[in-house]
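Have a look at the structure below before the remarks.
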Amino acid sequence: MKAERKHAAFQSVTLPHLDRLVAIASRWGDGNEAEDYVQEAYVRAWTTFHQLRDTRAAFAWLYRILRTVAAERWRTRARRQDLLFITELEHAHEEMVAADTPDPLDLLLARLDAGRLREALREIPEDLAEAVELHDVHGLKYREIAQLVSIPLGTVMSRISRGRQLLAGLLRVQDGDEVDRLATGRREFSAKS
Amino acid sequence: MGTHPTHLIAAYADGELPRGESDAVAVHLEGCGPCRRELALHQDVRAALGREPLPGPSPALRVRIARIGRAPLLREAPARGARRKAPRR
C-alpha cells in the first residue's frame, strides 16, 4: 500500500512536466533518442524521489536530472562547433546590424520552414542554446533560468544575448549558402541547355 | 550612454532590465540605428522561437513512464494446456 502511495505521488508530481521535458530533450536528440533521455531521467527521479523536499520545485529537479543524463551521453560524442564557425557567425551578425536595413531578420525568418529555428539551436554552443530555449521557447524568466542552471543573472543575460546573435548569424550564413547553391544550380542548368 | 549598450539590448527587449538601465537604453535607441536593428533582431528571434512547434511524448513513452516504480510482474502462470516438463523418475 505504501508503495502504491509513493507511485501515485510520483506520478502526480512528475507527469505534469513530461511534455515540456520531451520538448527540451528534443534539442539533444531526435525522436526515440530524446524519449530515451526522458525515460532514463524518470527512472533516476523515481529512485531519488525521497530527496525531493518541495514538490513545487519538481520541474527544476527533473530538469537537472535530464540535463545530467544528456550530458553523460554526450561525453562520448564530438561537439559540433568549432571556433572558426563561431567567429563566422559573429561576423555575420555584425554585418546584419551594420547593414542599413530596418529589420534584418524579417525576410530570413519569413523564408524559414517551421521547426528549422529550433533545429538551429543545436548548431550554437550548448550553454547559449539552453538559456535561449528556456526563455524564448519555454517562457522562463531570467531569474528562474539563473536558479535552474545555477548561474548568476548577468550570465543568463549575456548567454541569451549572445545566443540570439549567433542564431541570427547562422540564419544569414545558411541563407547565403542556399543562395549560392541555387545560383550554382542555375549556372549548371544553363550550361547544360 | 556613450558607447553602444549591445550587451543590454536582449534584456531590454525581454523587459528584464531595472528601470534606470531600461530608460537609458531607450534614450540611446532613439538615436542609434545599429542598436535598433540589434533590438529588432532579438525581438524577431524570440517571437519566431515562441511560434515553433514542439514535439510531445509518444503514447508509448507515456506508458513506459507510467510503469516506472511498479513492482515487476510475477511470472505469468502457464496457459492452460501448455506442456509441462515431465517429472523425473
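Values in this text are rule-based calculations from the coordinates and carry no lab data. These numbers were taken from a predicted model, which means no experiment stands behind them. Counting neighbours? That spans all protein chains shown, and the Cβs are built from the backbone with ideal geometry, glycine included.
Evaluate the distance, in nm, between pseudo-label points positioned 7 Å from the Cα of A:ASP106 and of A:TRP46 along their respective Cα→Cβ axes.
According to this spin-label approximation, the distance is 5.3 nm.
For a quick check, take a GNM of chain A with Cα springs below 10 Å and name the residue from A:ARG56, A:ARG159, A:ARG143 with the largest mean-square fluctuation.
Of the options given, A:ARG56 has the highest mean-square fluctuation.
Rounded to the nearest 10 degrees, what's the angle between the helix A:83-98 long axis and the longest principal axis of chain A, both from Cα atoms, 0 to 90?
The angle comes out near 70 degrees.
Using the Cα atoms of chain A to build a convex hull, what is its mean projected area in square nanometres?
If you wrap the Cα atoms of chain A in a convex hull and average its projections, you get 15.0 nm².
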